[in-house]
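Trainee: The structure that follows is given in the form of structure tokens.
The values are calculated or read from the model by the stated rules, or taken from the named source; none is laboratory data. For clarity, every value in this text was computed on a predicted model and none was experimentally measured. So basically every Cβ, Gly included, is an ideal-geometry build from the backbone, and we count neighbours across all protein chains shown. Note: areas computed on protein heavy atoms with side chains; ligands, DNA, RNA excluded. Shrake-Rupley method; radii C 1.70, N 1.55, O 1.52, S 1.80 Å.
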Amino acid sequence: MPRNAFGVAFGAILAAGTALASFSALAAGEKIVVSFQNLSEPFVIAMNRALQAEAKRLDVNLSVVDAQSNSPKQSADLANAVVQGAKGVIVAPNDAKALAPAIDDLITEKIPVVTVDRRVEGTSKPVAHVGADNVAGGRTLASWVVKTFPDGARIVHLSGQPGSSSAIDRAKGFRDGIADAGPKYKLIADQTANWKRAEGLTVTEGILTANAGNPPDVIVASNDDMALGALEAVRSTSGGKAKTLVIGFDALPETLGKIRAGEMSATVEQSPSTQIRTALNTLVDHIRKGSELKSLALEPTLITKDNLDKADRIAEVK
């Protein structure tokens, strides 16, 4: 779905939400549990901020829990949602498959569930999902590499946390896109840095050291935190004379600032605030009005110096 079409769809959901004011006071204040995979990640912090504002507007009783990148903890948190009397659950699964049994328990209890950002696999029934098309996002990164290096390139790829659906999908889209471009595009290293800046730094340092005589043309990271770590590694190993380009995914304000300054080349916008607001509105609409829970996909947008105004969080750039 094109970005503008997604915006129209989201606008329609918000417009419908305003009609909820006509409901009696007894219809409001439902308990909604939201389980994020890791509340320390900048992307999730931004998502949670938008969630809190939207929950206040919709008058729901929000309970946010942090899985801390731990699938057993997240499963226990979802079980506790039943004990809390949750009327609905939104979850960003730490692992695409590990959360299936816990979500099946919610389905058995007839508690509606929506996944956001990351999907879940292997559940007894399909679960509505709101999030970016991460395979398309990965292909967007590959297309940028091919366009930027028409004669071929030596590429480093930093993938996200193993088991995360977004990491799996972004990696698939990128690898498929590079493979389709032909043998002149070579992945000289393809490693995980687990979404973390510190690991992006150390993994990249090792790769650059191993390829000191013939450094990569570009480092493609599946999120901006890893990209920022990679950028630091490129600077420190090149003595300030880096020629290796760095691109990321998430359009964090820090990354946008570095793109504006010419220090990074590109990132991919996936609109965290739009994702979580849409997920919450979809769930509340289902609870209050019986509307069908439907999945909605957002087509990611490549952000470069030429279209920084298209980034959701450009206003936060210092």
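Trainee: Scanning the range 83-102 for residues that are of a type in the set (Val, Ile, Thr) and open to solvent by less than 30 Å² (accessible area, probe 1.4 Å), which turns out nearest to the chain's Cα centre (by Cα)?
Mentor: Val91
Trainee: Among the residues of the range 177-201, count how many are over 24 Å from Asp95 (Cα atoms), in a helix (DSSP H, G or I) and open to solvent by 40 Å² or more (accessible area, probe 1.4 Å).
Mentor: Here the count works out to 2.
Trainee: I've got another one for you. Go through (1) in contact (Cβ under 8 Å) with a residue 24 or more places away in the chain; (2) outside any helix (DSSP H, G or I) for Pro150 and report which single condition fails.
Mentor: Of everything listed in (1) in contact (Cβ under 8 Å) with a residue 24 or more places away in the chain; (2) outside any helix (DSSP H, G or I), Pro150 misses just condition (1).
Trainee: One residue is enough: does the range 272-281 have a residue meeting the conditions open to solvent by 20 Å² or more (accessible area, probe 1.4 Å) and assigned to a loop (DSSP other than H, G, I, E, B)?
Mentor: No, the range 272-281 contains no residue that is open to solvent by 20 Å² or more (accessible area, probe 1.4 Å) and assigned to a loop (DSSP other than H, G, I, E, B).
Trainee: Conditions first: (1) free of Cβ contacts under 8 Å to residues at least 24 places away in the same chain; (2) in contact with a strand residue (DSSP E or B) (Cβ under 7 Å, 6 or more places away or on another chain); (3) of a type in the set (Gly, Ala, Ser). Ala171 passes all but one, so which condition is the exception?
Mentor: Here Ala171 meets the rest and fails (1).
Trainee: Restricting to the range 103-133, name every residue that is within 17 Å of Ile32 (Cβ to Cβ), buried (at least 21 other Cβ atoms within 10 Å of the Cβ) and of a type in the set (A, V, I, L, M).
Mentor: Within the range 103-133, Ile103, Leu106, Val113, Val114, Val116, Val127, Val130 meet the criteria.
Trainee: Now, a different point. Just to be sure I understand, how many residues within the range 286-303 are outside any strand (DSSP E or B) and open to solvent by 30 Å² or more (accessible area, probe 1.4 Å)?
Mentor: 11
Trainee: Let me spell it out: the conditions are (1) modelled with pLDDT of 95 or more; (2) closer than 27 Å to Gly85 by Cβ; (3) open to solvent by less than 30 Å² (accessible area, probe 1.4 Å), and Ala136 meets all of them except one. Which number is the exception?
Mentor: (2)
Trainee: Within the range 257-271, track down each residue that is in contact (Cβ under 8 Å) with a residue 12 or more places away in the chain and assigned to a loop (DSSP other than H, G, I, E, B).
Mentor: Within the range 257-271, Gly262, Glu263, Met264, Ser265, Gln270, Ser271 qualify.
Trainee: Suppose we filter the range 152-176 for residues that are more than 13 Å from Val218 (Cβ to Cβ), out of contact with any Gly (no Cβ under 9 Å at 6 or more places or on another chain) and open to solvent by less than 10 Å² (accessible area, probe 1.4 Å); how many remain?
Mentor: Residues meeting the conditions: 2.
Trainee: Can you find, within the range 213-265, the residue that is least open to solvent (accessible area, probe 1.4 Å) among those that are at positive phi and among the small types (Gly, Ala, Ser)?
Mentor: Ala251
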